[in-house]
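The structure appears below as structure tokens.
The values are calculated or read from the model by the stated rules, or taken from the named source; none is laboratory data. All values derive from a computational prediction rather than experimental measurement. Here Cβ is always computed from backbone atoms with ideal geometry, including for glycine, and neighbour counts include all displayed protein chains.
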Amino acid sequence: MDTRKKTIQSALAVSLAIQNDDWTKLDSLLDPGFTYSGDGMHFSKDEYIGFMQDMKGAMTGMRMEFLHTLVDGEYVTINFVSRAKNTGKFMGAPASRKNVEVRGTLIRQMRDGVAIQEWQTTDILGVMTQMGFGALFGYAIAVGLFKVKPKPPVRKR
């Protein structure tokens, strides 16, 4: 397998570890100094894993589809759509019990098979709209009006 394909495969393995709740695998695929920046949030490796654990706890049956992948050296861009049922509290919003579709694009910097850094943008407004008026309204008031900053996620071991 050529280097380009290995780089893409390693980047996708991070997403698949999240999809499959394989936190040990995810830990092994992230560099100790890994950082995440996306949707106004900035996480360390442990905070990133904690956020993903919280998200998976709120979204039942999540399946990811990778629509496009592009690679440029160490950088892999992935355009994705995730589908799941919102069965738990997510980003301060109560469970809606609705099926949601999350669309986004991320860039992962990969080196020697591990992720060094990730940048992501997700259609958060679209997700909150699908979850319902309560989620959208609550999120808009908390973040927009009161400038509430959520506590950093905590990794579950």
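Couple of notes before you dig in:
- Of everything listed in (1) over 22 Å from Pro152 (Cβ atoms); (2) assigned to a strand (DSSP E or B), the single unmet condition for Gln109 is (1).
- Selection count where residues are in contact with a strand residue (DSSP E or B) (Cβ under 7 Å, 6 or more places away or on another chain) and not in a strand (DSSP E or B), scope the range 51-74: 5
- When Thr77, Thr129 are screened for being in a helix (DSSP H, G or I) and either over 12 Å from the mean Cα position of the chain (by Cα) or at pLDDT below 90 (or both), only Thr129 passes.
- Residue in the range 48-58 that is of a type in the set (Ser, Thr, Tyr), surrounded by fewer than 18 Cβ atoms within 10 Å (Cβ to Cβ), at pLDDT 95 or above and over 15 Å from Met128 (Cβ atoms) present: no
- Verdict on Thr3 being loosely packed, with under 14 Cβ neighbours inside 10 Å and at negative phi: yes
- Taken together, Asp27, Asp72, Asp46 contain a single residue that is free of Cβ contacts under 8 Å to residues at least 12 places away in the same chain and over 13 Å from the mean Cα position of the chain (by Cα), which is Asp72.
- Residues within the range 6-24 that are free of Cβ contacts under 8 Å to residues at least 24 places away in the same chain and buried (at least 18 other Cβ atoms within 10 Å of the Cβ), tallied: 2
- Inter-residue pairs, beta-carbon under 6 Å, first closer than 19 Å to Gly50 by Cα and polar (S, T, N, Q) and in the range 82-95, second crowded, with 20+ Cβ neighbours inside 10 Å and modelled with pLDDT under 85, 6+ apart: Asn86/Met131
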